[in-house]
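Here, each number is a calculation from the coordinates, and none is a lab measurement. These figures come from a predicted structure and were not determined experimentally. For neighbour counting, all protein chains shown are included, and Cβ atoms are generated from backbone atoms with ideal geometry for every residue, glycine included.
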Amino acid sequence: MHQFAFAGSIEFDFGTMANNVFFDDAPSGAAANITTPSFDTSVSRTFTGKGRHVNSCHLNRGTRGVVVVQ
Ligand SMILES: [Cu+2]
């Protein structure tokens with residue numbers, strides 16, 4: 001997971017493995033972190049700032065993604 005392109009609001013779909021989502025670089029307009037380890041669910045987040053919102057999972061080292069808000 002963790003690879004997104006988007007404009008507005010997005011669903012983070014979690015599979016069977018627990019993940020969380022942290023926007024470590026916290027650009028202006030980034031969504032709130034999803035701090036709870038999540039699996040078998042989806043969580044909605046809204047972005048208000050344009051740009052590349054790099055995110056990572058703090059449970060699985062090396063799991064990264066980017067939300068592109070245009
Ligand atoms: Cu993860």
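Once the chain is represented by equal point scatterers at the alpha-carbon sites, with solvent omitted, what log10 I(q)/I(0) does the Debye formula produce at q = 0.15, 0.16, 0.21, 0.23 Å⁻¹?
Summing over Cα pairs of the chain leads to -0.41, -0.47, -0.82, -0.98.
Please report, in whole Å, how far the alpha carbons of the stretch 13-54 spread along each principal axis, starting with the longest.
30, 17, 14
What is the calculated FRET efficiency for Ser28 to His58, with r their C-beta to C-beta distance and R₀ = 25 Å, to the nearest 0.05?
After rounding, the FRET efficiency stands at 0.70.
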